[in-house]
Structures are given as C-alpha cells and as structure tokens.
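The values are calculated or read from the model by the stated rules, or taken from the named source; none is laboratory data. Quick caveat, the model's predicted, so the values are computed rather than measured. In this analysis, Cβ positions are derived from the backbone assuming ideal geometry, glycine residues included, and neighbour counts consider all displayed protein chains. Areas reflect the complete protein model, heavy atoms only, side chains present, ligands, DNA and RNA absent. Shrake-Rupley method; radii C 1.70, N 1.55, O 1.52, S 1.80 Å.
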Amino acid sequence: MERLTIGKLAKQSEVNIETIRYYERRGLIPKPPRRESGYRQYPRDTVTRIQFIKRAKELGFSLREILELLSLRVDPATTCGDVKKRAEIKIADIEEKIRTLQGMKKALMNLTVECKGRGPVSECPILEALDTKGERAEDIFK
C-alpha cells in the first residue's frame, strides 16, 4: 500500500499541513505510523477521509458532528436512518441560523432607514441603538 508524506497528503487533499495535524489531534484522521526518520506515513485512503471532512464542513457540519458521522460509518449497528436523522438535525440548525440572520438583516435595515446619513456621529441612530443599555438586541431592533 502506497504511503504519503504529510506534504503529499496536503497537496492531494487540497488542505494545508497544519489542517492535517489539527485533524489528527481532534481524532478526525488516525495518527499514522512513522518512518525511522520520524516522518509520518499516511495511507492513501486518508485523502478520501479528508475530502469527506471537507464536504461535510461545506454542508455546515461542525468538526464534532463530523467525528460523530465518521464514528457512525464504522459502527456495524448504524443504519442509514441514523445518518438521515443527523442530517435532519443539521437542516433544522441551518433553518434556525437563517431565521436569526434574517432578523439581523431586518434590524439593520430598520436602523439604516432611521439614519439620514448626515449630522454628527454623536446623533447617529445606529450607534445610539447599539449603545442602549439593559435591553437585548432583538428588543431594540423591533
């Protein structure tokens, strides 16, 4: 089986070397055996694993969630339904983030309407709203 140095693995996986080391520390990729010289020797399938991690990150999964997905993959008791449930949980999480972002956008749009863009900064309604004490942001921007 062909083994890869960390540099070759980084190049083939299109990540930097520090990312590989970080994934190793987090347990996302197994620690590879080392040559007598001390160089890490990664199995070729590590490229596929890193690509899996990258794609899962692009879909919004955290590294903790990716580690769980990788664990599910090797557990013989895991079903496709188990994986689907994780994806559905992620969809709900993304929908909540979208709602939060839409609320932030609406609040900022309301503030920019209030601001005429003229006058001294000490009278800026945007800064005044941000400077309000004792209220939560969602309450201020309604």
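Quick notes on this structure:
- Qualifying residue in segment 51-58 (condition: in contact (Cβ under 8 Å) with a residue 12 or more places away in the chain and over 14 Å from the mean Cα position of the chain (by Cα)): yes
- Members of segment 104-117 found to be over 22 Å from Ser62 (Cβ atoms) and assigned to a helix (DSSP H, G or I), listed by number: Lys105, Lys106, Ala107, Leu108, Met109, Asn110, Leu111, Thr112, Val113, Glu114
- The one condition in (1) at pLDDT 95 or above; (2) closer than 29 Å to Arg3 by Cβ that Pro76 fails to fulfil: (1)
- When residues of segment 40-65 are limited to those that are surrounded by 13 or more Cβ atoms within 10 Å (Cβ to Cβ) and of a type in the set (S, T, N, Q), the one farthest from Arg86 (Cα to Cα): Gln41
- Counted residues, segment 8-33 - those being more than 17 Å from Gln51 (Cβ to Cβ) and not in a loop (DSSP other than H, G, I, E, B): 3
- Any chance Glu95 is touching a helix residue (DSSP H, G or I) at 6+ places or on another chain (Cβ under 7 Å), closer than 30 Å to Leu130 by Cβ and open to solvent by 60 Å² or more (accessible area, probe 1.4 Å): no
- Verdict on Lys97 being modelled with pLDDT of 95 or more, in a helix (DSSP H, G or I) and under 22 Å from Leu28 (Cα atoms): no
- Screening Glu68, Glu18, Glu36 for residues that are open to solvent by 30 Å² or more (accessible area, probe 1.4 Å) and within 30 Å of Ile98 (Cβ to Cβ) leaves exactly one candidate, Glu68.
- Members of segment 59-93 that are without any contact (Cβ under 8 Å) to a residue 12 or more places away in the chain, part of a helix (DSSP H, G or I), of a type outside the set (Gly, Ala, Ser) and closer than 21 Å to Arg26 by Cβ: Arg64, Arg73, Val74, Ile89
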